[in-house]
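Novice: This is the structure I have questions about; it appears just below.
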There are 2 protein chains.
Amino acid sequence: MLAKIHITLKKDVLDPQGSVIANSLKSLGFDNVNDVRQGKFIELEINSNSKEEAEKQCNDMCEKLLANLVIEDYSVEIEN
Amino acid sequence: MLAKIHITLKKDVLDPQGSVIANSLKSLGFDNVNDVRQGKFIELEINSNSKEEAEKQCNDMCEKLLANLVIEDYSVEIEN
């Protein structure tokens with residue numbers, strides 16, 4: 001199965017990388033753009049018998065390694 | 001409108017960061033995991049009258065700034 005994991009900064013956490021992107025976009029003429037936030041996107045192949053089991057394992061991975069839960073949120077989608 | 005942009009390394013491009021994640025996951029006991037690829041996920045607010053116009057602008061942003069088209073692919077989704 002293919003797992004797609006999004007890791008994003010929590011709403012209240014400052015995102016300097018996002019601000020830099022917003023400024024660069026503005027200087028390129030995209031002045032209708034606001035609130036740019038940059039996160040991580042991780043795709044992985046997981047061998048599992050059920051979607052539920054795969055999702056549980058991916059949540060575990062996020063909590064143990066992939067995300068910093070103090071400042072980041074994560075979401076997991078599983079595709080067959 | 002909210003634009004969600006995924007930027008991923010092309011299939012044939014080596015992803016050392018993904019390999020490191022795969023190895024770390026294996027050493028944590030997740031040994032049913034393969035093919036880890038890490039990409040970027042960018043969310044932004046865009047003021048636009050139509051979804052089509054917003055999507056066109058986001059494609060433009062990817063081509064001009066956000067993605068390195070030699071080694072990366074991008075995809076854009078627009079939500080109201």
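The values are calculated or read from the model by the stated rules, or taken from the named source; none is laboratory data. Model, not experiment: these values are computed from the prediction. Cβ atoms come from the backbone with ideal geometry, glycine included; neighbour counts cover every protein chain shown. Heads up: the accessible areas ignore ligands, DNA and RNA and are worked out on the full protein's heavy atoms, side chains in. Shrake-Rupley method; radii C 1.70, N 1.55, O 1.52, S 1.80 Å.
Novice: Does any residue in segment A:8-27 that is surrounded by 14 or more Cβ atoms within 10 Å (Cβ to Cβ) come within less than 7 Å, Cβ to Cβ, of a residue that is outside any helix (DSSP H, G or I) and acidic (Asp, Glu) six or more places away or on a different chain, and which pairs are these?
Specialist: Partner pairs satisfying both residue conditions: A:THR8/A:GLU72; A:THR8/A:ASP73; A:LEU9/A:ASP15; A:LEU9/A:GLU72.
Novice: Let me ask something additional. Mind counting the residues in segment B:24-80 that are among the polar types (S, T, N, Q), more than 23 Å from A:ILE5 (Cα to Cα) and in contact with a strand residue (DSSP E or B) (Cβ under 9 Å, 6 or more places away or on another chain)?
Specialist: Restricting attention to segment B:24-80, the residues satisfying the condition of being among the polar types (S, T, N, Q) are B:24, B:27, B:32, B:34, B:38, B:47-50, B:57, B:59, B:68, B:75, B:80.
If we keep only those that are more than 23 Å from A:ILE5 (Cα to Cα) too, we end up with B:47-50, B:57.
Retained after the next criterion (residues that are in contact with a strand residue (DSSP E or B) (Cβ under 9 Å, 6 or more places away or on another chain)): B:47-48, B:57.
So the answer is 3.
Novice: Pairs, please: C-beta under 8 Å, at least 6 apart or cross-chain, first residue outside any strand (DSSP E or B) and in segment A:31-46, second small (Gly, Ala, Ser)?
Specialist: Pairs that qualify, where the first residue is outside any strand (DSSP E or B) and the partner is small (Gly, Ala, Ser), are A:ASN32/B:SER48.
Novice: So, of the residues in segment A:58-77 that are part of a strand (DSSP E or B) and within 19 Å of A:SER48 (Cα to Cα), which turns out to be farthest from the chain's Cα centre (by Cα)? Quick ask: steps written out before the conclusion?
Specialist: Start the filter on segment A:58-77 by keeping residues that are part of a strand (DSSP E or B), which leaves A:72-77.
Next, from what is left, pick out any that are within 19 Å of A:SER48 (Cα to Cα): A:75-77.
Values: A:SER75: 7, A:VAL76: 9, A:GLU77: 11 Å.
Checking each candidate, the answer is A:GLU77.
Novice: Take A:ASP31 and tell me if it is open to solvent by 70 Å² or more (accessible area, probe 1.4 Å) and more than 7 Å from chain B (Cβ to nearest Cβ). Reasoning before the result, please.
Specialist: Working: open to solvent by 70 Å² or more (accessible area, probe 1.4 Å): yes; more than 7 Å from chain B (Cβ to nearest Cβ): yes.
Yes, satisfied.
Novice: Still on this structure, please answer the following. Which residue is nearest to the chain's Cα centre (by Cα), if the candidates are limited to segment A:18-28 and must be in a helix (DSSP H, G or I) and either within 30 Å of B:SER24 (Cβ to Cβ) or at the interface with chain B (Cβ under 9 Å from one of its Cβ atoms) (or both)? So that I can check it myself, show each step before the final result.
Specialist: The first filter runs over segment A:18-28 and keeps only residues in a helix (DSSP H, G or I), leaving A:18-27.
Now drop any that are not either within 30 Å of B:SER24 (Cβ to Cβ) or at the interface with chain B (Cβ under 9 Å from one of its Cβ atoms) (or both), which leaves A:18-22, A:24-25.
Numbers: A:GLY18: 13, A:SER19: 17, A:VAL20: 18, A:ILE21: 17, A:ALA22: 18, A:SER24: 22, A:LEU25: 21 Å.
Per the stated criteria, the residue is A:GLY18.
Novice: Which condition number in (1) open to solvent by less than 30 Å² (accessible area, probe 1.4 Å); (2) not in a strand (DSSP E or B) is the one that A:ILE5 fails?
Specialist: Only one criterion is unmet by A:ILE5, namely (2).
Novice: Another one. State all residues of segment A:63-78 that are surrounded by 20 or more Cβ atoms within 10 Å (Cβ to Cβ) and closer than 16 Å to B:ASP31 by Cα; if no residue qualifies, say none.
Specialist: Selection gives A:LEU66 alone.
Novice: Considering only residues that are open to solvent by less than 50 Å² (accessible area, probe 1.4 Å) and more than 7 Å from every other protein chain (Cβ to nearest Cβ), look in segment A:37-54 and name the one that is nearest to B:PHE41 (Cα to Cα). Explain how you work it out, then say what you get.
Specialist: Taking segment A:37-54 and keeping what is open to solvent by less than 50 Å² (accessible area, probe 1.4 Å), we get A:38-39, A:41-44, A:46, A:48, A:50, A:54.
Add one more test, that the residue is more than 7 Å from every other protein chain (Cβ to nearest Cβ), and what stays is A:50, A:54.
Numbers: A:SER50: 27, A:ALA54: 22 Å.
The extreme case among them is A:ALA54.
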